[in-house]
Amino acid sequence: MTRSTHSAVADPRNADVQIWINGEFFHRDEAKISVFDSAFLVGDGIWEGIRLHHGQFAFLDRHMDRLFMAAKAIHLDIGDRADIEAALRQTVQRNDMYDNVHLRLMITRGNKKTPSQHPSNVVGGPNVVIIAEHKLANPEVANDGISLFTATVRRPPPDTLDQKLNCHSKLHEVIALIQAVGAGADEALMLDPNGAVATCNATNFFIVRDGEVWTSTGFYNLGGITRALVLEVAREAGITALEKDFSLTEVYDAEEVFVTGTFGALTPVSHVDGRKIGSGPGAGPMTQRLSGLYSDAVAADVAARDAEALR
């Protein structure tokens, strides 16, 4: 199996999951979208990755805020927030899911009457797809960490493709990942247009130096939910957590490196461009501490949603 931050333990239940498409459920083998779909034709769509923890969607409000911000930015009416949240709940209920579940919510501009970019060619409303799968992160990846290779492909500036948009246009990230895998690494590290470290192809990037936690400015990476939470819990715990420009030289000299994402939470990085990071393998003390603080934040959010449901 390919090693990455999205590596999951194989689960036979996923062979029979039911997938939501525009209000109907289909077995995964029968789930289909038209070849005239806007995302298929030109990458015109937005999405969210959401985790189900003990029956509750972790940080759902934050995910919905980001989704609707993106929809507004691309001038796409995706309907009611309550309806989307209800569809998410129906999907996990239909699949009898409770914990260790990852959902991919995708909304495209809809089907077009002819292959083209122009939004006026859309027939009908947006296409909404929800794929929920039983996914437990591979413990070997969480324990041993991943290796990164710095790709030649840069993150685009906001006036080219704003990286705050969690959109279907991901080809630059795919090319970066292909370079990294070709170089023998697990995933790609990507620089911004100025040569500073930005983010990875699918996760956000952190280093630890002199007891401080650093991540990029945020101008050239997705506004990750887990990224934001790590910064918050670190600062609440009295840990200096900075968003700043830094170079690869500082990365190679870091005490610890880790990446963040909704699926894998905090994943340690063992090597960057062939340089061993820290004493490795596995998470260093700061990464372990932040992982614990993040887990506490997840538990608190789930508990708050449970309490709200009982009111």
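The values are calculated or read from the model by the stated rules, or taken from the named source; none is laboratory data. Just so it is clear, the structure is predicted and the values come from calculations on it, not from any experiment. Note that each Cβ is placed from the backbone with ideal geometry, even for glycine, and that neighbours are counted across all protein chains shown.
Taken over the stretch 55-83, the criterion of being free of Cβ contacts under 8 Å to residues at least 24 places away in the same chain and among the aliphatic types (A, V, I, L, M) is satisfied by 64, 82.
Residue 142 satisfies every condition listed in (1) out of contact with any Lys or Arg (no Cβ under 8 Å at 6 or more places or on another chain); (2) of a type in the set (A, V, I, L, M); (3) in a loop (DSSP other than H, G, I, E, B) except (3).
One residue is enough: does the stretch 217-232 have a residue meeting the conditions outside the structural domain of residue 67 (by TED's automatic domain parsing), surrounded by 21 or more Cβ atoms within 10 Å (Cβ to Cβ) and hydroxyl-bearing (Ser, Thr, Tyr)? Yes. Among the residues of the stretch 240-249, those that are in contact (Cβ under 8 Å) with a residue 40 or more places away in the chain and surrounded by 15 or more Cβ atoms within 10 Å (Cβ to Cβ) comprise 245, 246, 248.
Within the stretch 1-13, the set of residues being polar (S, T, N, Q) and either exposed (fewer than 15 other Cβ atoms within 10 Å of the Cβ) or over 20 Å from the mean Cα position of the chain (by Cα) (or both) comprises 2 only. With 33, 50, 21, 46 as the choices, which residue is touching a residue at least 12 places away in the same chain (Cβ under 8 Å), assigned by TED's automatic domain parsing to the domain that holds residue 118, within 23 Å of residue 308 (Cα to Cα) and not polar (S, T, N, Q)? It is 50.
Residue-by-condition table, conditions (1) part of a helix (DSSP H, G or I); (2) at pLDDT 95 or above; (3) surrounded by 15 or more Cβ atoms within 10 Å (Cβ to Cβ); (4) not assigned by TED's automatic domain parsing to the domain that holds residue 167:
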site	(1), (2), (3), (4)
83	yes, yes, no, yes
88	yes, yes, yes, yes
98	no, yes, no, yes
103	no, yes, yes, yes
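Inspection of the stretch 293-300 identifies no residue that is assigned by TED's automatic domain parsing to the domain that holds residue 147, touching a strand residue (DSSP E or B) at 6+ places or on another chain (Cβ under 7 Å), modelled with pLDDT of 95 or more and more than 22 Å from residue 8 (Cα to Cα). State yes or no: is residue 252 of a type in the set (Phe, Trp, Tyr) and buried (at least 21 other Cβ atoms within 10 Å of the Cβ)? When the stated conditions are applied, residue 252 does not pass them.
Say whether the condition of being under 26 Å from residue 50 (Cα atoms), surrounded by fewer than 19 Cβ atoms within 10 Å (Cβ to Cβ), without any contact (Cβ under 8 Å) to a residue 60 or more places away in the chain and assigned by TED's automatic domain parsing to the domain that holds residue 171 is met by at least one residue in the stretch 256-274. For the stretch 256-274, residues under 26 Å from residue 50 (Cα atoms), surrounded by fewer than 19 Cβ atoms within 10 Å (Cβ to Cβ), without any contact (Cβ under 8 Å) to a residue 60 or more places away in the chain and assigned by TED's automatic domain parsing to the domain that holds residue 171: absent.
The set of residues in the stretch 82-107 being among the aliphatic types (A, V, I, L, M) and over 16 Å from the mean Cα position of the chain (by Cα) consists of 82, 84, 86, 87, 88, 92, 97.
Being assigned to a loop (DSSP other than H, G, I, E, B), over 10 Å from residue 151 (Cβ atoms) and not hydroxyl-bearing (Ser, Thr, Tyr) is the filter here, so list the residues in the stretch 166-202 that pass it. Hits for the stretch 166-202 are 166, 168, 170, 184, 186, 192, 193, 194, 195, 196, 202.
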